[in-house]
Amino acid sequence: MGVDTIYQPRQFNLSGLNGISDQTLEMHFKLYEGYVKETNKLTARISEFLADGKVDQDEMPAYSELTRRLGFEYNGMVLHEYYFENMKKQGPGDAEKNSAFTKAAEASFGSYDIWKADFVGVGKMRGVGWAICYQNPANGRISNHWITLHEVGNVSGFTPVLVMDVWEHAFILDYKPADRPKYIEAFFSNIDWATVEGRLKQDAAQQKTA
Ligand SMILES: [Fe+2]
């Protein structure tokens with residue numbers, strides 16, 4: 001396997017979602033595959049600079065530019081995987097009462113509803129990016145963050161628990177740009193809470209509530 005095929009695009013068995021069309025998903029899978037391809041391509045080009053064991057001074061500008069782009073492409077790849085993975089057909093809507101996620105939300109925000117108001121609020125922020133609920137693995141606390149593009153605002157070492165794409169390409173075939181709140185509502189109806197809870201480090205969440 002060469003460096004140009006380090007990452008393979010993952011397949012997601014997603015269709016028939018509520019309020020997010022198959023057409024949107026197919027277009028979105030293609031975009032995701034582009035990030036995988038670019039991540040491999042950049043890695044291969046950077047390794048060419050390193051082939052002689054050093055980065056020459058005259059190579060530094062090109063090397064730097066390619067390396068800066070890695071953050072965009074890598075995060076574009078990984079965040080889409082989290083996003084597709086945390087949706088499923090016929091989701092239940094909100095997290096169940098007494099579920100591990102609801103308990104984590106109560107411990108960190110006071111209530112699930114306040115957590116949700118914050119997450120939805122982040123999702124409605126102007127600009128292109130993501131709303132991400134992270135968990136701090138050290139103490140189990142969850143917090144919601146706005147990620148500009150794909151790479152600005154990610155919290156190092158925190159675990160993405162629920163990831164929502166709010167770039168316009170995530171919904172523009174189904175909703176007008178101003179109707180992002182309708183897409184967010186649709187997203188909630190498709191959340192796969194079992195996957196979300198699988199990402200939670202539950203011991204840490206329980207310690208916090210204890
Ligand atoms: Fe996207």
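Note: relative contact order over region 1-136, using C-alpha pairs below 8 Å and six or more positions apart, is 23 percent.
Per residue, the convex hull around the alpha carbon atoms of region 19-139 comes to 165 Å³.
Restricting to Cα pairs below 8 Å that are 6+ residues apart, what does the relative contact order work out to for region 1-47? Please round to a whole percent. Present the calculation step by step, with values, prior to reporting the outcome.
Working: 22 pairs, mean separation 27.5, N = 47.
It rounds to 59 percent for region 1-47.
Among ASN18, ASN190, ASN98, the largest mean-square fluctuation in a Gaussian network model of the chain, built with springs joining Cα atoms closer than 10 Å, belongs to ASN98.
Order ILE184, ILE172, most accessible first, counting only protein heavy atoms with a 1.4 angstrom probe.
On the way: ILE184 5, ILE172 75 Å².
Highest to lowest solvent-accessible surface, that is ILE172, ILE184.
About its Cα centre, the dipole of region 1-65 is roughly 320 debye, where the only charges are +1 on Lys and Arg Cβ and -1 on Asp and Glu Cβ. Using Cβ point charges alone (K and R +1, D and E -1), the dipole size of the chain about the Cα centre works out to roughly 580 debye. Taking PHE49, PHE29, PHE84 as the candidate residues, the one with maximal mean-square fluctuation in a Gaussian network model of the chain, Cα springs under 10 Å, is PHE49.
Dividing the helix sum by the residues of the chain, where each DSSP H run of 4 or more adds -39500 (n - 2.57), gives a mean residue ellipticity at 222 nm of -16000 deg cm²/dmol.
Screening the chain for whole DSSP H helices of 27 Å or more along their axis (Cα) with average Kyte-Doolittle hydropathy at least -1.0 returns 22-50, 60-85. Exactly which trypsin sites (Lys or Arg not before Pro) in region 12-108 are in a DSSP loop and have at most 14 other Cβ atoms within 10 Å? Those satisfying the criteria are LYS54, LYS89, LYS97. For the residues MET87, MET60, MET77, a GNM of the chain with alpha-carbon springs under 10 Å puts the largest fluctuation on MET60. Globularity index of region 65-130 is 1.45 (Cα radius of gyration / 2.2 N^0.38 Å, N = number of residues).
Over all distinct Cα pairs, what is the inverse of the mean 1/r for the chain, reported as the Kirkwood hydrodynamic radius in Å?
18.4
With only the Cα atoms considered, region 109-193 has a convex hull volume of 93 Å³ per residue.
Karplus-derived 3J(HN,Hα) values for region 126-142, using 6.51 cos²θ - 1.76 cosθ + 1.60 with θ = phi - 60°, are 6, x, 9, x, 9, 9, 10, 9, 10, 10, 7, x, 6, 9, x, 5, 10 Hz; glycine and proline are entered as x.
The values are calculated or read from the model by the stated rules, or taken from the named source; none is laboratory data. Since this is a predicted model, take the numbers as computed values, not measurements. Using ideal geometry, Cβ is built from the backbone for each residue, glycine included, and neighbour counts are taken over all protein chains shown. Accessible surface is based on the protein model in full, side chains and every heavy atom, while ligands, DNA and RNA are left aside. Shrake-Rupley method; radii C 1.70, N 1.55, O 1.52, S 1.80 Å.
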